[in-house]
Amino acid sequence: MDNALKMKEPGADLGEGTFLDSVESYIDRAFAHLDLSEGLAERIRACNSTYTVRFGVRLRGRMYSFTGWRSVHSEHVEPAKGGIRYDASANANEVEALAALMSLKCALVDVPFGGSKGALCIDPKQWEVHELERITRRFTQELAKRNLISPGRNVPAPDMGTGEREMAWMADEYKRTGPADIVNANACVTGKPLSRGGIAGRTEATGRGVQYAIHCYLRDAAHEGIGGRRDLSTMTVAIQGFGNVGYHAAKFLSEEDRAKVICIVERDGCIFNPGGINVEAVHQHRLRTGSILSFDGAESSPDKKRGLEVECDILIPAAMENAITLENADRIRAKLVAEAANGPISFQAEKVLLKNGVIILPDLFVNAGGVIVSYFEWVKNLTDIPFGLMERRRRERRNAQITSALESMTGKEFPEDMREEFLEGGQEIDLVRSGLDDVMRGAYHRMASVLSELPEIRDFRTAAYYIALKGIGDAYKAIGI
Ligand code: GLU
C-alpha cells in the first residue's frame, strides 16, 4: 500500500497557489514553446469532467456517508487511466491536478491512455478490512454506473492509501455489475494481485521506474552526472516518504546500485545515518513497530523538515504534492531531485531550485513506472495470455544450441556463472522489467532530444511538458479539434 507522507493539505492555497495552479502554470510555461491555437491549448489544459459522488454505507450499526471523485482530464486516447487514492484530506482540486498529470505522463512515455484520477475522502486506518471492502465495493458500483470503471473507458489503479487488495475488490465488484463484455472484465482495473489477473512486478514498478530514470540521466553524456560523478555507489540519497514507491526506490538503489541511503523521512519524523541505512531492515522494523523511528541502525528525529534539507547527492520526494515550496526551497541541499511523487515541487519553488543549480528529473518521467507496468497488465488482461508464454521454450532451445555451438567451435566450456541466465527463456518479471526499462529510456531520449534541439528549453520538466502537450495536441488535431 502506498503509505505516503503528508506535508500540506492537498488543494490548500500555499500563498503561491494550489497544487492545480502549479500544474497549470507548468502547462502554460510549456505552451509558450508550442504553436497551438489558443482554443486548442485551452481544451487541452482544462479537465474534461469531474464527478463527485456521495454515498452511504451501513457500518457499525449506523449509516456513514463518504465522498469520492473521479476526474477525467483527457480522452484523446481511451481508456483514461489513473489511480484512486484513499486519503482523508483528498479534494476535487487535488484530483483534477493529478488527472492532468496522468494525461501528460501517459503522453510523455507514449502509453495509449488518456488521463484520469480518483479519490475517496477516507482515512483507511480508521476502518477494519471488512468495512473497507464494503466501502470500496459501494464506491465501485457508483463509478460503474457512469462508465468511470470499464476496460475500454476508464481504468483505475492503486495510488496512495490503496493497493492490490482494493483493486481485487474493485475488479470483482465490477464483474458483479453485469458488464456486457465479461471476457475483458479483468482489464477494468490494474494493480491487481497476481492471482486475480495482475502482472509480475506491478507493486515494485514505480520504485523500479525511479531507479531506471536515475540510470538514464547518469548514462547521458550530455550532462556531467551528479557532482561530476556517474557511479551510484559513490552517491548519497535521501528519501521522503517510505510507502510503496519510496521503499522500493530506496531498496533498489541501495541493494543493486550500492548507493548510500543516508536519510528516510516519514510522517512522524526522520532517521539519519551518514554511513548508510539498511533499507530492508528499516522496512522490517516498521512492519514490527508501525514507525521507522527508533530503528537502531540510525539516529531518529521527530524533525521531518531536517530530512528534506539534508545535504545529499540525490533527494527523492516520494510522498505527496507540495513537499518543496517557497517555504523550504532555498534550504534544499541535494544536487539532483528525482520526483517519485506526483507534484512534489510547487511552480514557484522550482524556480528557486533551478536558480540554485539543482537538477530536477520531473514526476511525469520519474514516477511513470506505475502506469507503464499498468499498461502491460491491461494488455495481458485483454489478450488473456501471460507474457512470454509462446516463445519461452523456443528461446531456451535456441540458446542451448548457441551454447553448444560455441563450446564445440572454441573447445571451451561456456562460463558457468553465465550459463543459467543465458539459457533461461525469460520469466514474466524479466519481460516486465525489460519493457519498463525500454519505455523509460525512450521517454528520456525524447526529453534529451528536446533539450539539445530547442536551446530555449533548459530544464527537464519543460521538455517533458513540451513533448506531452505536443503529443496530445497532435492527437486532437488529427481528429479535427
Ligand atoms: N497511481 C499511479 C500514478 O500516479 C499509477 C496509475 C496507473 O497505474 O494507472 O501514476
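The apolar share of the surface of segment 101-215, taken as the fraction of accessible area on carbon and sulfur atoms (1.4 Å probe, ligands and nucleic acids excluded), comes to 47 percent. Of all beta bridges that DSSP places with both ends in the chain, some 50 percent have antiparallel geometry. Per residue, the accessible area of segment 134-279 comes to 34 Å² when a 1.4 Å probe rolls over the protein heavy atoms.
Averaged over its residues, segment 385-470 has an accessible area of 62 Å² per residue, based on protein heavy atoms and a 1.4 Å probe. When trypsin sites (Lys or Arg not before Pro) are flagged only if DSSP places them in a loop and at most 10 other Cβ atoms lie within 10 Å, the longest unflagged stretch of the chain comes out as 61-411. Label point 7 Å out from ARG258 along Cα-to-Cβ: which residues of segment 211-240 have amide N under 12 Å? Of the residues in segment 211-240, 231-235 have backbone N under 12 Å from the label point off ARG258.
Label positions at ASP28 and PHE66, each projected 7 Å from the Cα along the C-beta direction, are separated by 3.7 nm. A crude spin-label estimate for the pair SER89 and ARG393, with each label 7 Å from Cα along the Cβ direction, gives 5.6 nm. With each label modelled as a point 7 angstrom along the Cα→C-beta vector, the SER404-GLU420 pair spans 2.2 nm.
Taking GluC sites (Glu not before Pro) as candidate sites, keep only those in a DSSP loop with at most 11 other Cβ atoms within 10 Å, then name the longest stretch of the chain containing none of them. Here the longest run is 257-412.
Once backbone amide H atoms are built at 1.01 Å from N, ALA334 has CYS312 as its partners under 5 Å, excluding neighbours fewer than 5 places away on the same chain.
Amide H contacts for ARG85 (H built 1.01 Å from N in the peptide plane; partners 5 or more residues away or on another chain; cut-off under 5 Å): GLY118, ALA119, LEU120.
Which percent of the accessible area of segment 303-370 is formed by carbon and sulfur heavy atoms (probe 1.4 angstrom)?
The nonpolar share, carbon plus sulfur, comes to 49 percent.
Can you work out the PRE-style zone for ARG441? Point 7 Å along Cα to Cβ, and I want the residues of segment 107-130 with backbone N under 18 Å. Those under the cut-off are 109-111.
The values are calculated or read from the model by the stated rules, or taken from the named source; none is laboratory data. Since this is a predicted model, take the numbers as computed values, not measurements. In this analysis, Cβ positions are derived from the backbone assuming ideal geometry, glycine residues included, and neighbour counts consider all displayed protein chains. To get the accessible areas, we keep the full protein, side chains included, count just its heavy atoms, and leave off ligands, DNA and RNA. Shrake-Rupley method; radii C 1.70, N 1.55, O 1.52, S 1.80 Å.
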